[in-house]
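Q: Here it is, the structure, as structure tokens.
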There are 2 protein chains.
Amino acid sequence: MRIGELAERAGVSVRSLRYYEAQGLLVSERTTGGQREYAERAVDRVILIQELFAAGLHSKKIAELLPCMRDPDGGPNERATPELVTELTAERDRIDRMIADLTTSRAVLDDVITTATREMPASR
Amino acid sequence: MRIGELAERAGVSVRSLRYYEAQGLLVSERTTGGQREYAERAVDRVILIQELFAAGLHSKKIAELLPCMRDPDGGPNERATPELVTELTAERDRIDRMIADLTTSRAVLDDVITTATREMPASR
DNA sequence: GTAAAGTCTGACATCAGTGTCAGGTTCAAG
DNA sequence: CTTGAACCTGACACTGATGTCAGACTTTAC
């Protein structure tokens with residue numbers, strides 16, 4: 001598929017896909033005319049990249065991480081270096097803290113919403 | 001307390017505290033000489049602000065939200081408008097999705113870490 | 001009263017991902 | 001062959017919280 005379709009199916013902008021490629025997160029074949037051509041599995045990869053971005057990982061670290069993932073297609077995958085493992089462990093801990101903080105914030109919002117909604121049902 | 005102490009106790013930079021004030025998230029008394037003076041409760045407020053930032057809320061929305069919080073000191077608090085409730089509900093849903101995504105990312109990291117660590121115990 | 005540490009305002013820089021625009025090329029359909 | 005949509009590269013703008021610097025003032029300790 002071409003870049004427009006991938007962007008739509010993965011729910012990101014065309015701009016972002018080109019950026020991912022420039023950062024080494026995503027590869028593409030090229031047509032004779034120089035246009036990008038993606039395999040089916042690119043969709044899942046882009047979604048994964050987005051999730052990792054959302055988790056606060058920077059593109060450089062994602063670029064190191066991706067080749068170490070167990071490839072569902074059974075493709076070859078590198079073994080993470082001890083240094084990378086250390087970094088990823090730190091990231092994992094950070095994510096754990098992030099989830100904890102988010103849970104707190106959610107409770108705060110929920111409290112305000114509940115308080116405001118009480119005895120004032122369904123906006124009328 | 002003055003701004004340096006608050007920064008240290010809340011774990012943020014002095015710069016950030018001044019920014020919060022400029023955004024209307026934090027108020028301060030001023031000494032005769034014009035220096036900021038904070039009450040004890042400012043510490044918790046700043047920590048809360050940080051959590052809300054971490055949850056992806058923008059300062060403007062935090063500024064709307066804060067006065068609607070149940071004040072532990074029993075201070076006066078506004079009732080959230082229906083519009084704000086709608087927005088906050090959207091934020092809450094977004095946080096829920098964020099937590100779900102983070103959980104996915106955490107699992108990805110965990111998988112890579114586990115795979116790399118297996119049969120290669122304690123970095124030697 | 002003096003020195004040192006802390007604070008003030010204001011301005012500019014940074015980061016990283018994304019938006020957007022320009023000028024040109026490629027592709028697919030008629 | 002032509003046309004319009006999609007794509008290409010490259011460049012610049014933006015966002016929003018935070019870092020950092022300069023020059024001046026305040027506070028505290030001695």
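The values are calculated or read from the model by the stated rules, or taken from the named source; none is laboratory data. Values in this document were obtained by computation on a predicted structure and should not be read as measured data. Ideal geometry is used to build each Cβ from the backbone, glycine not excepted, and the neighbour counts take in all protein chains shown.
Q: Can you name every residue in the range B:20-44 that is more than 16 Å from DNA strand C (Cβ to nearest atom) and under 29 Å from B:Arg97 (Cβ atoms)?
A: Once the filter is applied, which keeps residues that are more than 16 Å from DNA strand C (Cβ to nearest atom) and under 29 Å from B:Arg97 (Cβ atoms), the range B:20-44 yields only B:Asp44.
Q: If you check A:Ala22, A:Ala42, A:Ala107, which single one turns out to be more than 13 Å from chain B (Cβ to nearest Cβ) and without any contact (Cβ under 8 Å) to a residue 24 or more places away in the chain?
A: Answer to the selection: A:Ala22.
Q: Can you tell me which residue among A:Leu48, A:Leu57, A:Leu84 is touching a helix residue (DSSP H, G or I) at 6+ places or on another chain (Cβ under 9 Å), within 16 Å of DNA strand C (Cβ to nearest atom) and in a helix (DSSP H, G or I)?
A: It is A:Leu48.
Q: Restricting to the range A:1-19, and then to whatever is within 10 Å of DNA strand C (Cβ to nearest atom) and among the basic types (Lys, Arg), can you tell me which residue is farthest from the other protein chains (Cβ to nearest Cβ)?
A: Result: A:Arg2.
Q: Suppose the filter is assigned to a helix (DSSP H, G or I), within 30 Å of A:Cys68 (Cα to Cα) and modelled with pLDDT under 90; does B:Thr115 pass it?
A: yes
Q: Kindly provide the set of residues from the range A:22-70 that are surrounded by 15 or more Cβ atoms within 10 Å (Cβ to Cβ) and farther than 17 Å from B:Asp110 by Cα, ordered by number.
A: Residues satisfying the conditions are A:Leu25, A:Leu26, A:Ser28, A:Arg36, A:Tyr38, A:Ala42, A:Val43, A:Arg45, A:Val46, A:Ile47, A:Gln50, A:Ser59.
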